[in-house]
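One structure is given below, encoded as structure tokens.
The values are calculated or read from the model by the stated rules, or taken from the named source; none is laboratory data. For clarity, every value in this text was computed on a predicted model and none was experimentally measured. As a convention, Cβ positions derive from the backbone with ideal geometry for all residues, glycine included, and neighbour counts pool all protein chains shown.
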Amino acid sequence: MKSFDSIIIGGGVIGSTIAHGLAERGLHVAILERKEIADGASHAAAGLLGVQAEWDEYDPLYEMARKSRALFPKVAEKIRAKTGVDIGYEVKGIYRIANTEEEFERIQQIRSWQVSAGEEAWLLSSEELKKFEPNVSSEVISAVYYPTDGHVLAPALAKGQALAAAASGAEIFEYTTVQQIVVKNGKVEGVQTTEGFFPCKQVCIAMGAWSTPFLKRFNEDYGTYPVKGEVISLKSNRPLLHAPLFLKRFYIAPKRYGRYVIGATMKPNSYQEDVQAMSIVDLLQKAFSIVPALQEASWDRTWAGLRPEANGGRPYMEAHSTIQGLFVSTGHYRNGILLSPYVGEYMADLMVNNYVY
Ligand SMILES: Cc1cc2nc3c(=O)[nH]c(=O)nc-3n(C[C@H](O)[C@H](O)[C@H](O)COP(=O)(O)OP(=O)(O)OC[C@H]3O[C@@H](n4cnc5c(N)ncnc54)[C@H](O)[C@@H]3O)c2cc1C
């Protein structure tokens, strides 16, 4: 088996973006993926770049999310130039809506700290919102519009990153399940897989919700757990919304070709990727109460995916303190698509700077 400088375990958006960054920095990289590229959470994601829509309180990850969002124009351009893939990047803003007095208070508080942090956030009355989005129900009493939040087509982004990595010399091995990371004398020597042994100097664990057995090598307390999200998309020939609507953790996101993505449930600790009928009923009821015209739309499809939540609630993005060549990048939970450009740059720099020839 030929040898690699760096092996990335997991071909989701996180692993593929790191591989792209490393290949561009001149390392010989392989992505090992047990199924196909972008088959995990990165396939299920709605693709919202909701920095302001997702963060209710200020924390350090918010800063990372802002930096990452700012990288998307370049990412979209680079992937298109290197691979021809269109990641569907659009900046149409996101509305955070309120349908109760309590929620109205809440969105005003959130708006206030976000404006202090230097972001744009426009408070709209129900009438003002209706001028932009006439199909929104009168149950919506107010909204804050975040003009800088955008969205992408998540599977296209993840595949685009993998193809861009390949265009810079990375090799992709699908249907290759990593069984063990082999360490000798405190150094990474390679990985054992269903397709044989792959020698390498560095390994990065980027296996999303399935990372736990490998993370334990870092620290017994480390681990990820899945938070299942079920989603439905509808189709309509009529334009029903211009920009995504957020209500707490629920959203309706207009996508290309008349699709409306409605999501998503939050079910911790389930590795089953089935879609329950009742979850879809709940999602549709909520969606119809906010945009009644969606009742005339037709069924497109349903799906589910597993968000990788970290045990400590913060993503792991680091080098092992004693094992040379071992790295981890996972646990990006609800925002892995949004965070991926920043994570890719950060991890590629970290791995290149710690590369031992
Ligand atoms: C319903 C839903 C909606 C979402 N919406 C958004 C959104 O709008 N915006 C946003 O920013 N984020 C969103 N997310 C979150 C986002 O999808 C994730 O944070 C992100 O995709 C995680 O990427 P990842 O590469 O870490 O994991 P994954 O995409 O899950 O990739 C991990 C990969 O590792 C592979 N793997 C596992 N074990 C092995 C092994 N032993 N050997 C080899 N390969 C292995 C898996 O097959 C998988 O392909 C959403 C998630 C869900 C489920």
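For this structure, a couple of remarks:
- Residue match in region 6-22 (condition: part of a loop (DSSP other than H, G, I, E, B), in the same structural domain as V191 (by TED's automatic domain parsing) and more than 22 Å from the chain's Cα centre (by Cα)): no
- Criterion applied to L294, L339, L306 was being under 22 Å from the mean Cα position of the chain (by Cα) and either in a helix (DSSP H, G or I) or farther than 28 Å from L71 by Cβ (or both), and the one residue passing it is L339.
- Top-ranked residue in region 151-174 [being buried (at least 24 other Cβ atoms within 10 Å of the Cβ) and more than 11 Å from the ligand (Cβ to nearest atom); ranked as nearest to the chain's Cα centre (by Cα)]: G160
- Within region 230-257, restricting attention to residues that are of a type in the set (A, V, I, L, M), touching a helix residue (DSSP H, G or I) at 6+ places or on another chain (Cβ under 8 Å) and outside any loop (DSSP other than H, G, I, E, B), the residue that is nearest to the ligand (Cβ to nearest atom) is V231.
- Matching entry among V191, V227, V261, V203 (being over 23 Å from the mean Cα position of the chain (by Cα) and either of a type in the set (A, V, I, L, M, F, W, C) or away from the ligand (no atom under 11 Å from the Cβ) (or both)): V191
- Checklist (1) in contact with a Leu (Cβ under 7 Å, 6 or more places away or on another chain); (2) assigned by TED's automatic domain parsing to the domain that holds G10 applied to A253, failing item: (2)
- Lone unmet requirement of (1) modelled with pLDDT of 95 or more; (2) more than 14 Å from the chain's Cα centre (by Cα); (3) more than 7 Å from the ligand (Cβ to nearest atom) for E33: (3)
- Of M317, M347, all but one fail to be without any contact (Cβ under 8 Å) to a residue 40 or more places away in the chain, within 16 Å of the ligand (Cβ to nearest atom), of a type outside the set (K, R) and closer than 15 Å to G10 by Cβ; the exception is M317.
- Whichever residue in region 249-281 is exposed (fewer than 14 other Cβ atoms within 10 Å of the Cβ) and among the charged types (D, E, K, R) and, among such residues, is nearest to S137 (Cα to Cα): R256
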